[in-house]
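The values are calculated or read from the model by the stated rules, or taken from the named source; none is laboratory data. Since this is a predicted model, take the numbers as computed values, not measurements. Backbone-built Cβ (ideal geometry, glycine too); neighbour counts: all protein chains shown.
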Amino acid sequence: MTKKELALVCIQRLKEAYPLAECTLDYEHAWQLLVEVRLAAQCTDARVNVVVQDLFAKYPTVAALAAATPEEIEEIVRPCGLGHSKARDISACMRMLRDKYDCHVPQTFDELLALPGVGRKSANLIMGDVFGKPAIVTDTHCIRLCNRIGLVDNIKEPKKVEMALWKIIPPEEGSDFCHRLVYHGRDVCTARTKPFCDRCCLADVCRYARENGLAPAGAEEAATK
């Protein structure tokens, strides 16, 4: 089975396992997602969703948040960790949105990358979830699962994983596929425990399961056809 064929199998099975593919950050506006994805670095989405309630209540618009000092922002977002650097980036980002884009979020990948605190993962998330464009979000779940399954071969650098996936994932499937990898990575193919291969819908095609004797009988033969 080629990597492209394996990718199509994974896409279909994860669709069946997780029909609803959504970002786990709660937002109403694109600029809010920009703020949240910066806060989510080394922090859970669940905690971010709680913390931003106070942040957005106090600063309900791009202009309002842009007018706040980094220190005022840090006071609220500190529970997300790395409060100083995150507050600095959020402040600079909102000021750029206000001053350069009339308080709107730009719609091209390169413009998003030019915003303070926005990397490829964040830009792809915005492109896919907000603008409905092809996107591949290589977060820690995506990188871990793609290596375990065999979609990539011992590649840990996010950009390199992204580039490898662009070659085998249909563009229109990328964004939702990455969301489903998050769900699967939290529920089944976990990081802090051994993966629960016994209840994994991908066990028969997964390289990790085969190599560790955890795949169903006949999986090795099926995977090589």
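Some notes on this structure:
- Single match in P195, P170 (criterion: crowded, with 21+ Cβ neighbours inside 10 Å and not acidic (D, E)): P195
- Number of the condition not met by V77 [criteria: (1) touching a residue at least 60 places away in the same chain (Cβ under 8 Å); (2) under 27 Å from K159 (Cβ atoms)]: (1)
- Out of A64, A57, A87, sole residue that is of a type outside the set (S, T, N, Q) and in contact (Cβ under 8 Å) with a residue 12 or more places away in the chain: A87
- Top-ranked residue of region 1-15 - restricted to ones that are part of a helix (DSSP H, G or I) and not charged (D, E, K, R), ranked as surrounded by the fewest Cβ atoms within 10 Å (Cβ to Cβ): Q12
- For region 89-113, taking the residues that are hydrophobic (A, V, I, L, M, F, W, C) and under 19 Å from the mean Cα position of the chain (by Cα), the one that is nearest to E74 (Cα to Cα) is identified as I90.
- Test for V77: is it at pLDDT 95 or above, closer than 20 Å to A30 by Cβ, in contact with a Cys (Cβ under 9 Å, 6 or more places away or on another chain) and not polar (S, T, N, Q): no
- Residue in region 201-218 that is surrounded by the fewest Cβ atoms within 10 Å (Cβ to Cβ), counting only those that are more than 10 Å from R148 (Cβ to Cβ) and under 26 Å from the mean Cα position of the chain (by Cα): C201
- Test: residue in region 16-26 that is assigned to a loop (DSSP other than H, G, I, E, B), aliphatic (A, V, I, L, M) and surrounded by 14 or more Cβ atoms within 10 Å (Cβ to Cβ): yes
- Residue check, A191 at pLDDT below 95 and assigned to a loop (DSSP other than H, G, I, E, B): yes
- Residue-level check: of (1) in contact with a Lys or Arg (Cβ under 6 Å, 6 or more places away or on another chain); (2) without any contact (Cβ under 8 Å) to a residue 60 or more places away in the chain, R144 misses just (1).
- Filtered by the rule that a residue be part of a helix (DSSP H, G or I), hydroxyl-bearing (S, T, Y) and closer than 14 Å to V182 by Cα, region 120-171 gives a lone residue, T140.
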